[in-house]
Structure formats: C-alpha cells, structure tokens
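To start, the structure itself, in structure tokens.
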Amino acid sequence: MLEKTKTYYTKLNGYLNAHKLKVIVICTVGFLLLTGFLFYRRYVYEQITSYYDSGAYTHDEIDEILDYFDKAQSIYGYKDTAVYVSLYGDKIIDRYCSMKEYEKAEFFAENNKHLNKNTLLQKIDAYKIEAERKEKEAYDNSVEGRTERLEKYEKHHGIGGATSSDTIIPEVFDNLFSYDNKLDTVLPTWNKNSVYKNMLREYINERCGTYDFYYVDYSFLKKSNYTINAYDYKRYLENRYSISVDISDVIIYDFNFDMENNGADINGFHTRVGFPLKAVVFNRDGKWFFGDIIINSYNPQDKNASKNLGSYLFPNDNSYNGLIDER
C-alpha cells in the first residue's frame, strides 16, 4: 500500500514538474472561477435583501428581482435567502395587483417553490374583488354612472315638473314646511329627498326664524334682470351633482320673504322686515323645476362667476351632491 502511494506521488510530482505552466494556469483559472462564483452568489443575495429592506422598487425592478429569485434558488449556501424570497413575495403580489397585472402575480405565485401558492392566489383573488368593487363605486359616482341611474329611476317614476315657470316659487315655498308630495312635483329627481328639503328648511329658518312668522310676498315675485346661461347651468349640474341632463332654459326669480312679530312695538306698530331672495328655475324636457337659491352676490357679467356657479348657489360648500333613489 505504501509502495502504491509512493508510486502515485512520484507520478503526480513528475507530472507537475513537467507541466508547471499548465498547472499554474488551471489553478489560477479555478481559483478565479471559485472566487467569481462566491462573489456572484453574494451579489445575488445582497440584491434580494437590499431590495426587500429598502422597500423602494419599481415595476420594472420587480421583473429583475424575479430573475434574481430564480438564480438564488440554483445557488446553495444561502438558505436564508428563501426567507427573503418568502417575505418579499407578498410585496411582489401587492405591486403586481396594484398595477392590475394579475397574470404576472398568478405566475409568480404558481412558480416560486418558497411560497405558499394557495395563500398568494387567495390574496390575488381578494385584490381582484376589491378592484372590481372600487371600479363599480367609481363608475356609480361618475357623471356617466349617476346619469344612468337617474335615467333608470325616471323611466319608472317620471321626472315631474311644472308646465309654467311662474308656478315654481309658490309651489316650493307654500309647501316647504307642510306637503312633501307637492314639493316633490317641482324638485328635480336628485333633490327629491329629505336631506335636501331639510337643508332648505334650515336655510330659511336661519334667516327668518328670529321672527314670529314669515311668508312669501308674491307681489314682489318677478323675473330677475340677472341671468344664467343654460349651458353654464348644465355644466354646474355636472360639476356639483355629477348628472348630465339637457337644460333648455334658465330663469332667475326675485321675491321677498316678509317677516313679522306678533306683538306691536312701543309705537303700536307691527314689525315687518323684508328678506329678498333670488331663486333659479330651469327647464328640461319641456318641464320646469326648482333649481337653487342664489346665496352670494352674483354678477352674471363676470365670466368667472358663470363658470363657478357652485360658489353662488345653495348649498355652496360641496357638502351635498344630490341623492338618486334606486328603488
């Protein structure tokens, strides 16, 4: 056995002495390859961990990281890389789904052996359901969606309205605190609800409620010199109520609320104060409707005012955008 070992050693030594250059080259190349492999393995690992730890990545970088994951699976020695792959996998699913790249998300979930495929696929399904819900909600609240709902409702219930614009103001303010059904006939569909009616009642009460009683003095009811262009009012309805309807005419009416106290003052006279108002009525489909009260000073000659009617018409704080009954 010793002789055999000695023989092998003699042959190896002889070979090395005879091929010194070749051996040096092979050893050098081997060392460089091993060193390169170790550096590359470390580089792949650091790319994965640094991307995960930073949380800063783009959609394109996700594809790059997926490639790193595939490479990491073929490199042994860094078992904790699998932990990062598993943790980072959730982020990749989140990112793909936020971009609605559901096919990529499903492919990643199906083809990475470190991940729980069923858990990630359930997560993707949840993303899809939530995205569909948000899309439906966004459409329902868009001009197109709300107008579609309005048309469906009015197809079954009609639009109401009056044949004469002169009857609108009496119909509204004679019935504001008493007969909802009469009030509804001249309110547009999106305002036939208790929220709008109560807002209007509160507005009148705030301005007239310090007196014992008040009423509309129809002797002052007249068409105003103020005007609103039908196109501008249509645009206002789209901006405020997210509803698109054809507006053929708009009229502003001037009228007064007379306010009195029951008891006479020290001179024996009853206190009477007039509260002037301007209200908008509009025509659509040949019928007239109560539109809005003008609550701020409005100059119809001001182009900015006509483009920003929401600042002048009640309510002007964007707290209300109309309600459409879907029954």
Original post:
Only one residue in TYR226, TYR218, TYR211 is assigned to a loop (DSSP other than H, G, I, E, B), more than 17 Å from ASN283 (Cα to Cα) and either aliphatic (A, V, I, L, M) or more than 33 Å from the chain's Cα centre (by Cα) (or both). Which one?
Top reply: TYR211
**OP:** Please specify each residue of segment 229-245 satisfying the condition of being assigned to a helix (DSSP H, G or I) and either open to solvent by less than 60 Å² (accessible area, probe 1.4 Å) or within 18 Å of PHE290 (Cβ to Cβ) (or both).
**Re:** ALA230, ASP232, TYR233, LYS234, TYR236, LEU237, GLU238, ARG240, TYR241
Original post:
Of the residues that make up segment 167-187, is at least one outside any loop (DSSP other than H, G, I, E, B), touching a helix residue (DSSP H, G or I) at 6+ places or on another chain (Cβ under 6 Å), open to solvent by 20 Å² or more (accessible area, probe 1.4 Å) and not aliphatic (A, V, I, L, M)?
Top reply: yes
Original post:
Any idea how many residues of segment 149-166 are surrounded by 14 or more Cβ atoms within 10 Å (Cβ to Cβ) and of a type in the set (S, T, N, Q)?
Top reply: 1
**OP:** Considering each residue of segment 98-132, count those that are assigned to a helix (DSSP H, G or I) and either at pLDDT 90 or above or on the phi > 0 side of the Ramachandran plot (or both), and give that number.
**Re:** 13
Subject >> Of all residues in segment 274-305 being open to solvent by less than 20 Å² (accessible area, probe 1.4 Å) and at pLDDT below 75, the one that is farthest from the chain's Cα centre (by Cα) >> reply: TYR298
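Does SER142 count as at pLDDT 90 or above and over 24 Å from ASP317 (Cβ atoms)? Before you say what the answer is, go through the steps one by one.
On the way: at pLDDT 90 or above: yes; over 24 Å from ASP317 (Cβ atoms): no.
Answer is no for this residue.
Just to be sure, is GLU135 over 18 Å from LYS234 (Cα atoms), part of a helix (DSSP H, G or I) and either out of contact with any helix residue (DSSP H, G or I) (no Cβ under 8 Å at 6 or more places or on another chain) or open to solvent by less than 60 Å² (accessible area, probe 1.4 Å) (or both)?
It is true that GLU135 is over 18 Å from LYS234 (Cα atoms), part of a helix (DSSP H, G or I) and either out of contact with any helix residue (DSSP H, G or I) (no Cβ under 8 Å at 6 or more places or on another chain) or open to solvent by less than 60 Å² (accessible area, probe 1.4 Å) (or both).
The values are calculated or read from the model by the stated rules, or taken from the named source; none is laboratory data. Since the structure is predicted, the reported quantities are computational estimates derived from the model, not experimental observations. No Cβ is skipped: glycine too gets one built from the backbone with ideal geometry, and neighbour counts run over all protein chains shown. Note: accessible area is taken over every heavy atom of the protein model, side chains too, but ligands, DNA and RNA are not part of it. Shrake-Rupley method; radii C 1.70, N 1.55, O 1.52, S 1.80 Å.
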